[in-house]
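The values are calculated or read from the model by the stated rules, or taken from the named source; none is laboratory data. Bear in mind the structure is a predicted one, so any value in this text is a computation, not a measurement. Positions of Cβ are backbone-derived with ideal geometry, glycine not excepted, and every protein chain shown enters the neighbour counts. To get the accessible areas, we keep the full protein, side chains included, count just its heavy atoms, and leave off ligands, DNA and RNA. Shrake-Rupley method; radii C 1.70, N 1.55, O 1.52, S 1.80 Å.
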Amino acid sequence: MQTFLQQVINGLSLGSIYALLALGYTMVYGIIKLINFAHGDIYMIGAFWGYYVINTYHVDFFVALLSSMVVTAGLGMLIEFLAYRPLRHSPRITALITAIGVSYFLENGMSFLFGANTRDFPQAVAQRNYQVAGITVSNIQVLILVTAVILMVGLQLIVQKTKMGTAMRAVAVDPEAAALVGIDPNHVISFTFGLGSALAGAGGVLIGLYYNSIDPLMGMTPGIKAFVAAVVGGIGSIPGAAIGGFLIGLLETGVQAIGLSAYKDAAVYVVLIVILVILPSGLLGKNVKEKV
């Protein structure tokens, strides 16, 4: 039982980061039906920005976290403006290929500018381990989980309780009708990209603190797993993306706990297939009928 609870704690810490990433995927898809495969690389940029400001300016961890969210939010809006907005009315495959191109551009650009070597993320928070009923819990795990939950609750409040959130939901349902009642879809879509990218940037700083290492290709695998989490939870559903992220984190740590670390990635996709066979629209997704 102690081993099980230990893996649950580890899985929730990792899953909270997947959840932050998955929220960006699901929001963008919900608004413009685009899978932004560059999202994982924005997470990488967030980690590098946190690394830079902590090492250069010796700022507090929370200052680094907030500044990373601001920088990645700006980057997300810039990418939307330059790469995706001109293709808004193009076939979906065109935007999808562009997203893959943006992903490779960010990865290779960072490798060219800063080198491809792994860097040690500064230990901005001194780690302390606590024993609770035989379970080891570190202050960093608690910090990651609490920070992620606060950000997710904040996102839900923005979407449900603000005018911009109402506009986001209106554009997601019918952008043409939203435009007719005075909502600017471009502003809403740009804000959505910025909000999702800010969460990804926060996830990058948190994972850097968790694993103590970053590199320019660090966003590839977590980005794909976060997309899987969004699909498992129900693409387009914010609560579903959060649940999917936690499930993927728990699954990974569970597979590692039974000695199958080499197959942890495969296990994620097996679970995806099983869930989609049983629930084609995900755990919290809605079946939407389309006219042919």
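Note on the stretch 43-122: Cα convex hull, mean projected area over all directions, 5.8 nm². Comparing A267, A177, A95 in a Gaussian network model of the chain, where Cα atoms under 10 Å apart are tied by springs, the biggest mean-square fluctuation is seen for A177. Mean-square fluctuations from a GNM of the chain, with a 10 angstrom spring cutoff on Cα atoms, peak among M44, M164, M220 at M164. Placing unit charges on the Cβ atoms of the charged side chains and taking the dipole of the chain about its Cα centre, the candidate lying farthest along the positive direction among L21, V205, V53 is L21. Look at where the Cα atoms of the stretch 102-170 and of the stretch 57-100 average out, and the two centres are 16 Å apart.
Calculated mean residue ellipticity, 222 nm, the chain: -24500 deg cm²/dmol, from DSSP H runs (n ≥ 4) at -39500 (n - 2.57) each, averaged per residue and rounded to 500. Compactness of the stretch 233-287 was expressed as the Cα radius of gyration divided by 2.2 N^0.38 Å, which yields 1.18.
Shape analysis of the stretch 1-79 yields a ratio of the Cα radius of gyration to the Kirkwood radius, Rg/Rh, of 1.08. Take L34: with every protein chain present and a 1.4 Å probe, its accessible area is about 10 Å². With the alpha-carbon atoms of the stretch 1-153 aligned to their principal axes, the span from lowest to highest coordinate is 57, 37, 27 Å, starting with the largest.
Given a cut-off of 21 Å, what percent of all Cα-Cα pairs of the stretch 178-292 lie beyond it? Here the long-distance tail beyond 21 Å is 51 percent of all Cα pairs in the stretch 178-292. Over the chain, all Cα pairs binned in 5 Å intervals from 0 give whole-percent P(r) values of 1, 6, 11, 16, 18, 17, 14, 8, 4, 2, 1, 0, 0, listed from short to long. Comparing I189, I135, I35 in a Gaussian network model of the chain, where Cα atoms under 10 Å apart are tied by springs, the biggest mean-square fluctuation is seen for I135.
Report, in degrees rounded to the nearest 10, the 0 to 90 angle that the Cα long axis of helix 238-257 makes with the longest principal axis of the chain. Once rounded, one gets 30 degrees.
For the stretch 106-200, the calculated P(r), taken from all Cα-Cα distances in 5 Å bins from zero up to the bin holding the longest distance, is 2, 10, 12, 13, 11, 11, 12, 11, 9, 5, 2, 1, 0 percent.
Just reorder H39, H187 by solvent-accessible area, largest first, 1.4 Å probe, all chains present.
H187, H39
Rolling a 1.4 Å probe over the heavy atoms of the protein chains gives the chain an accessible area of 49 Å² per residue. Here the chain is assigned +1 on the Cβ of each Lys and Arg and -1 on the Cβ of each Asp and Glu. Its dipole about the Cα centre then comes out at about 560 debye.
Ligands, DNA and RNA left out, the 1.4 Å accessible surface of the chain is 68% carbon and sulfur atoms.
Against the chain, whose longest principal axis is taken from its Cα atoms, helix 39-57 shows a tilt of about 50°. Taking label points 7 Å from Cα along the Cα-to-Cβ direction, Y104 and H58 give a separation of 4.3 nm.
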